[in-house]
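All remarks here apply to the structure that follows.
The values are calculated or read from the model by the stated rules, or taken from the named source; none is laboratory data. Since this is a predicted model, take the numbers as computed values, not measurements. As a convention, Cβ positions derive from the backbone with ideal geometry for all residues, glycine included, and neighbour counts pool all protein chains shown. Surface areas here come from the heavy atoms of the whole protein model, side chains and all, with no ligands, DNA or RNA. Shrake-Rupley method; radii C 1.70, N 1.55, O 1.52, S 1.80 Å.
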Amino acid sequence: GKTISFLQKSFHGGTDVEPAIQYAVKLMSEEDYQKADLLVISDFFMKDIQNELFKQIEALKAKKNQFYALTIGGGFLETDVHRVFDHEWLYNPAAANLKLLTGVAEEIL
């Protein structure tokens with residue numbers, strides 16, 4: 001459908017997703033977003049996330065916030081950023097498949 005079509009596009013951005021995660025963490029700390037979930041969609045070609053941000057994320061997880069990642073591209077997250085996420089999926093546009101990554105990859109679509 002439309003979602004698969006969108007995921008097959010290539011943006012070649014190399015965007016640093018950390019500022020977006022920082023903003024989301026700030027919002028999730030507010031009363032209106034308690035127990036909210038965060039889904040980050042990226043190719044995750046980025047540097048490691050700062051330890052201070054990890055600490056903030058861990059504090060939110062203890063309050064029942066959850067963090068999800070959808071990696072677009074051909075590989076597993078190669079930085080320690082994957083420690084942020086409770087669940088991770090890998091979408092490979094070339095093969096049009098989606099894998100749930102929980103230690104051992106399990107194909108789900």
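For this structure, a couple of remarks:
- Going through (1) in a strand (DSSP E or B); (2) loosely packed, with under 15 Cβ neighbours inside 10 Å; (3) at pLDDT below 85 one by one, Tyr91 falls short only on (2).
- Scanning the stretch 49-70 for residues that are in contact with a Phe, Trp or Tyr (Cβ under 9 Å, 6 or more places away or on another chain) and not polar (S, T, N, Q) gives Ile57, Leu60, Lys61, Phe67, Tyr68, Ala69, Leu70.
- Residue count, the stretch 72-88 (criterion: at pLDDT 75 or above and among the hydrophobic types (A, V, I, L, M, F, W, C)): 3
- Neighbours by Cβ (under 8 Å, 6+ apart or cross-chain): first from the stretch 79-101, among the polar types (S, T, N, Q); second at pLDDT 80 or above and open to solvent by less than 40 Å² (accessible area, probe 1.4 Å): Thr79/Ile49; Asn97/Tyr91
- Identity of the residue in the stretch 26-60, of a type in the set (S, T, N, Q) and part of a loop (DSSP other than H, G, I, E, B), that ends up nearest to the chain's Cα centre (by Cα): Gln50
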